[in-house]
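Here's the structure, in C-alpha cells; my notes come after.
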Amino acid sequence: MNERQYKDSGVGWIGNIPQNWNVMKLLFQLRSPITDGPHETPKLVEESCGIPFISVDSLNDTKKVDLSIVKKYISIEDYNEYKKKAFLEKGDVLFTKAATIGKTAIVDEPTKYMIWSPIAILKPKKGCFNEYLYYILNCKEAIQYTRDIIGHETTQVNVGMRDLEKLQVPIAPFDEQIDIVEYLDSKTASIDSAIQAQKDIVEKLKEYKQAVITEAVTKGLDRDVEMKDSGIEWIGMVPSNWYTMRIKDVIVRSKDGIKIGPFGSALTGKTVSNGNYYVYSQCNLINDDFSDTKNKITDDTFNMLKAYEVLPNDICLSMMGTIGKCKTVPSNIKRGIMDSHLIKIRLNERMIDKYFEYVYDKDYSGLCYKQMQFDKTGSIMDGLNTTIIKNLYLPVPPLEEQQQIAEYLDSKTATIDKAIEQKNAIIEKLEEYKKSIIYNAVTGKIDCRKDVTPE
C-alpha cells in the first residue's frame, strides 16, 4: 500500500488528518440539536417505585452508563414529563457538560432512566458511528478546544450545548471509523487492565498501612509484652501497662478543651479576599495542608470570632461530610479561625498529638471512626458533635511509648506512602498513554485500517 497522504485539518486541536478525511462541526453529525436533562431538582421517591435519576457519577471509563451507581429516583409521572425533552434511545452518546466536563458514555440498553442537567444527549446520524464519536469526545484536546470556544480554561465551568455543537471534529470514512473503534477497544482494554492492576496494588498498600498503624496503636511495638483486655470490643487486647480513656480525659479542662466552629451565619457575608486572617476548613484536613485557604476575614471579624482561633498543636477534627479526618495544626500556621465544619481539641499532658492522629484519623487506625454514632441502616451519621467526640475511647500508652510509636509509624508510613506514590505515578503515565492512543487514532495519525499494520 502506498504511504498515507495527510493534509492540514485547519483546526488546531486536530492537526493533520488523512487526505480522504473531513472536518466539520459536531452539530452536522447529529440527527437533532443537543439536549440535556431537567434543570429543576425533581421530587425524589423510593427506589421500589421510582425511575433511576442518573448523575455524572454514572458516567465512567466503562463506555456504558453505570446503573450500579444510582442514588436518586424520580416518579413515573416526572419521568414521562422530562422525557419529552430528554428522551434516551439506544445508541445515544451522553456527555457531561458541567461539574467534571468530558465524561462520556453510550446508551447501550433500553432501560428506563433519566439524566440530570449536567449531562447532554447527543444523537449521532446514520453514518456516524456512535462509538467513534464517543472516543472523539474522550480527547482532552477536544475538551480544551470546547473550553476555548467559550473562553474558559477551568474544568469547573458549564459548556453550553450550542457551544458544544460548534466543536470541530475529524470525520473518517464509516468503514474506517469501525476499524478505529475496534483498535481502540482492544488497546484501551489492555491499558485499563494494567491500570486496574496498579490500583489493586495501591489498595492493598493502603490496607497494609492501616493494619500497621492499628497494630502499633493497640498492641505497641514490643511483641513479648504482657497483654490485657481493654474492655472495648473494637480495641481488643492492649499491653498491661496501657490505659483505656475517653477523649474527654485527654483534653485540657477548660473551654479550650473542645470547641466547635462558629455557626455558618457568623461568617456569612464576612469572608473577604483581602483580609489578614485565614478561615480553615475541611479541605485543609483532607489535603493535609494549612498553608492556604480560599477564604480570609477582616481584622474586625477575627476579633469578633477570636474564640474560634486555631493555634499550633491544636487538633482539628472534621465534623461534617468527610467525618473522621484529623490533623494537628502546624507550628507555622498563619493566624486564623476554623469554619463551622471543624471541631478543635486541645490535648492535655496525657497524650502526644501525633499519636492521637494515628489513633483517631479514619485513614490511619480508624479506631474512633468505628465508634462514632451509626444510624439504623448501619451507615455513619451525617455530622458529629462535641458530646460524641468526648466519649470516644482511646488506647493510651505511657507518654514515652506514645512517642516511640509515633516515630516508628512516621518512618513506616513514609515508606508505604512512597510506594503508593510510585504506583500512582505509573497509573498517571498509563492514563496519559491511553489518552494519546485515543487522540492519535481518532485524528488518523495512527493508521487503524485492517489492511494496514497499525503503528
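Being farther than 26 Å from Ile438 by Cβ and either out of contact with any Leu (no Cβ under 9 Å at 6 or more places or on another chain) or not polar (S, T, N, Q) (or both), is that true of even one residue in segment 6-29? Before you say what the answer is, go through the steps one by one.
Restricting attention to segment 6-29, the residues satisfying the condition of being farther than 26 Å from Ile438 by Cβ are none.
The answer is no; no qualifying residue exists.
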Qualifying residue in segment 129-145 (condition: touching an Asp or Glu at 6+ places or on another chain (Cβ under 7 Å) and surrounded by 17 or more Cβ atoms within 10 Å (Cβ to Cβ)): no
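Please tell me if Phe95 is in contact with a strand residue (DSSP E or B) (Cβ under 6 Å, 6 or more places away or on another chain) and closer than 16 Å to Thr35 by Cβ.
Numbers: in contact with a strand residue (DSSP E or B) (Cβ under 6 Å, 6 or more places away or on another chain): yes; closer than 16 Å to Thr35 by Cβ: yes.
In short, yes.
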Flag for Glu233 being acidic (Asp, Glu), in contact with a Ser or Thr (Cβ under 8 Å, 6 or more places away or on another chain) and either at pLDDT below 90 or not assigned by TED's automatic domain parsing to the domain that holds Leu342 (or both): no
Subset of segment 65-124 [among the charged types (D, E, K, R) and over 21 Å from Leu137 (Cα atoms)]: Lys71, Lys72, Glu77, Asp78, Glu81, Lys83, Lys84, Lys85, Lys112
Residue satisfying condition, being buried (at least 16 other Cβ atoms within 10 Å of the Cβ), more than 28 Å from the chain's Cα centre (by Cα) and outside any helix (DSSP H, G or I), within set Gly231, Gly275: Gly275
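How many residues does segment 279-312 hold that are of a type in the set (Asp, Glu) and assigned to a strand (DSSP E or B)?
Of all residues in segment 279-312, those of a type in the set (Asp, Glu) come to 288-289, 292, 299-300, 309.
Now drop any that are not assigned to a strand (DSSP E or B), which leaves 309.
Residues flagged as of a type in the set (Asp, Glu) and assigned to a strand (DSSP E or B) within segment 279-312 amount to 1.
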Segment 132-158, subset aliphatic (A, V, I, L, M) and more than 21 Å from the chain's Cα centre (by Cα), residue modelled with the lowest pLDDT: Ile150
First in segment 190-205 and in a helix (DSSP H, G or I), second anywhere and among the small types (Gly, Ala, Ser), Cβ under 7 Å, 6 or more apart: Leu205/Ala419
Hey, Lys125 in contact (Cβ under 8 Å) with a residue 60 or more places away in the chain, closer than 25 Å to Ile17 by Cα and either in contact with a Phe, Trp or Tyr (Cβ under 9 Å, 6 or more places away or on another chain) or surrounded by fewer than 16 Cβ atoms within 10 Å (Cβ to Cβ) (or both) or not: yes
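Of all strands (runs of 3 or more DSSP E) completely enclosed by segment 1-92, which ones contain at least 2 residues that are touching a residue at least 24 places away in the same chain (Cβ under 8 Å) and over 33 Å from the mean Cα position of the chain (by Cα)? Before you say what the answer is, go through the steps one by one.
Details: elements: 6-8, 16-18, 22-25, 51-54, 72-74.
In segment 1-92, the matching strands (runs of 3 or more DSSP E) lie at 16-18, 22-25.
The rows are residues; the columns are (1) in contact with a Phe, Trp or Tyr (Cβ under 8 Å, 6 or more places away or on another chain); (2) farther than 26 Å from Gly324 by Cα.
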site: Lys219; (1), (2): no, no
site: Asp249; (1), (2): no, no
site: Lys259; (1), (2): yes, no
site: Gly275; (1), (2): yes, yes
site: Thr298; (1), (2): yes, yes
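Residues are listed down the side, and each one gets a yes or a no for (1) touching a Ser or Thr at 6+ places or on another chain (Cβ under 8 Å); (2) acidic (Asp, Glu):
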| site | (1), (2) |
| --- | --- |
| Val250 | no, no |
| Asp292 | no, yes |
| Met304 | no, no |
| His341 | yes, no |
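Conditions (1) of a type in the set (D, E, K, R); (2) under 24 Å from Pro33 (Cβ atoms); (3) not assigned by TED's automatic domain parsing to the domain that holds Pro118, marked per residue:
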residue: Phe53; (1), (2), (3): no, yes, no
residue: Ile69; (1), (2), (3): no, no, no
residue: Tyr79; (1), (2), (3): no, yes, no
residue: Lys83; (1), (2), (3): yes, yes, no
Close pairs from segment 398-426: first closer than 16 Å to Asp361 by Cβ, partner among the basic types (Lys, Arg) and exposed (fewer than 15 other Cβ atoms within 10 Å of the Cβ), Cβ under 6 Å, at least 6 apart: none
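Has segment 379-400 got any residue that is among the small types (Gly, Ala, Ser) and modelled with pLDDT under 95? Talk me through it step by step, then tell me what you get.
Our first condition is that a residue be among the small types (Gly, Ala, Ser); within segment 379-400, this holds for 379, 383.
Filter once more, so that each one left must be modelled with pLDDT under 95: 379, 383.
Looking through segment 379-400, at least one residue is among the small types (Gly, Ala, Ser) and modelled with pLDDT under 95.
The values are calculated or read from the model by the stated rules, or taken from the named source; none is laboratory data. Just so we're clear, the structure is a prediction, and the values are computed from it rather than from any experiment. Every residue, glycine as well, gets a Cβ built from its backbone with ideal geometry; the counts of neighbours run over all protein chains shown.
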